[in-house]
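A short write-up of the structure that comes next.
What follows is calculated from the coordinates using simple rules that are stated; it is not laboratory data. This structure is a prediction, so every number in the text was calculated from the model and none was measured. Quick reminder, even Gly has a Cβ in these numbers, built from the backbone with ideal geometry, and neighbours come from all protein chains shown.
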Amino acid sequence: MFPALHSFSLRDSFKTDPKFKIETAFRLCASMGFRSMSVITGAAGGAPTDIGADTVDGLKRVIASGLAQGVKINAYHPYNDFACVNSGGWLQDNIAYIQKWLRLAAETGVPNISMYTGFLVEGRDRGQMEDLVVKAFNECVPVAETCGVNMAVLNHHSLFFKGAEIVALIKRVGSPRLTSCPDPWKGFPLFEPTCTDADREAMYAGLEIMAPHATNSHLKVKSGSLAEWDLDRLIGIYKKANYTGALTMEWLGSGDPIPQLIEARQVLEAALQKHGVLRVDP
């Protein structure tokens, strides 16, 4: 396992500084000691966002600029919503967008796309929306299998939100290319004073369910010490599942994220080293 940085951690710079591009993000990533990055691509119908390109040639230039700084891309992160009950055309646009990024990932040597399921729409039949999500994944599976790229699905949004629901979706679709990208914090008040022991137990239980299916993962960071996390337990769960991939940090704190992310990387690397699972070459 190895620490990685998510471009979401640098969202303020991407949004407020027109000169801040992915090449700048790679330099900053390297200066913090990270050697791997997951990058947001955008959404269907829009221009590329953090990644800055959406063609093979353009992405190869982006990847080369990262490698020049010693930083690899471990995952593209497109936005998608497969529960588009109000617009069949938008659903097909979302499917086509994911298929596009699967092909781009294959042609540029990126092993994963991290992606979503869909939003629950109040007043609409949940079963219908879940069926739409499954149908959409089934349309993407042949592309993923042909391309040899993983669709690492996050436990985000309001459909297939819990660990057991993510695994049920994976089993229902039945493709080895539909994998998980656990974000164990999602849905639990880990960083709040209201977080109870029962909340933490449920959070780690969900991770235990998802980890055996993981090909990517996220780790929310709000303090450099990572004190909210039981790192021994977190790493132990992934180790038991034989997971060897990225623990991709997403900054949620306030103020300057750089010193906190540097500290968090150092803390995580020390913990991975202690457990004998630190990968020196991501």
Highest average packing first - 106-115, 186-195, Cβ atoms within 10 Å: 106-115, 186-195
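So if we plug the beta-carbon distance of I262 and N242 into 1/(1 + (r/R0)^6) with R0 = 30 Å, what FRET efficiency do we get, rounded to 0.05?
Values: r = 29 Å, r/R0 = 0.97.
So, using R0 = 30 Å, E works out to roughly 0.55.
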Potential lengthening between E145 and S31 on full extension [0.36 nm per residue; Cα-Cα distance subtracted]: 37.5 nm
Mean separation of Cα contacts under 8 Å, 6 or more apart, over the residue count of the chain: relative contact order %: 20 percent
By average C-beta atoms within 10 angstrom, highest first, the peptides 170-181, 124-135: 170-181, 124-135
Förster radius 35 Å - calculated FRET efficiency between T24 and Q273, Cβ distance, rounded to 0.05: 0.70
Overall form of segment 127-271 per C-alpha gyration tensor (a/c, 1.5; a/b vs b/c): prolate
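Which value at 222 nm does the chain reach when only helices count, each DSSP H run of 4 or more adding -39,500 (n - 2.57), with the total divided by all residues and rounded to the nearest 500 deg cm²/dmol?
-14500 deg cm²/dmol
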Whole-number percent relative contact order across segment 220-282, with pairs defined as alpha carbons under 8 Å at least 6 apart: 52 percent
Segments 216-222, 252-258, 202-208 sorted - mean Cβ within 10 Å per residue, highest first: 216-222, 202-208, 252-258
Principal axes of the chain: Cα extent on each, largest first, Å: 48, 46, 34
